[in-house]
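None of the figures in this text is laboratory data; all of them are computed from the coordinates on show. Not measured: the values here are computed from a predicted model.
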Amino acid sequence: MPSIETVATPCVYKICPRAAWDDACRVGQYPGSADDHRDGYIHLSAQHQVAATAAKYFRDLPDLVLVAIATGPLGAALVWEPSRGGDLFPHHYGPLPVSAAIAVMPLPLDHDGVPVVPELLG
């Protein structure tokens, strides 16, 4: 059962392969990755969590995008739950509506294969 925790933030972020996001845009919703399906929710990150998430889970994966998603349209399906290090992470229960996306940014890899997060998220 999801926790009742809520956090006020204007947007959350999803890292995914460009092809997966392009497919989602064609059908209107992102169904989640294999890891998301395994865990029962779509893994998202708050701004301060994006760089660590990219380095830990997306190293050496080419052609990724970072999708900024407005939290308002997600409603009660967006739940903040403790995860890595006890930090509250945003989890979305159900398919993610692409209409909530406010920006899609490429995540190129650095020389060590770590996705480079846009400076605005620093």
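Annotation: amide H of ILE42 within the under-5 Å range of HIS92, TYR93, GLY94, sequence separation 5 or more or interchain, hydrogens built in the peptide plane.
With the convex hull drawn over the C-alpha atoms of segment 11-121, the volume per residue is 96 Å³.
The H on the amide N of THR71, modeled in the peptide plane, is under 5 Å from the matching H of CYS11, VAL12, each at least 5 residues off or on a different chain.
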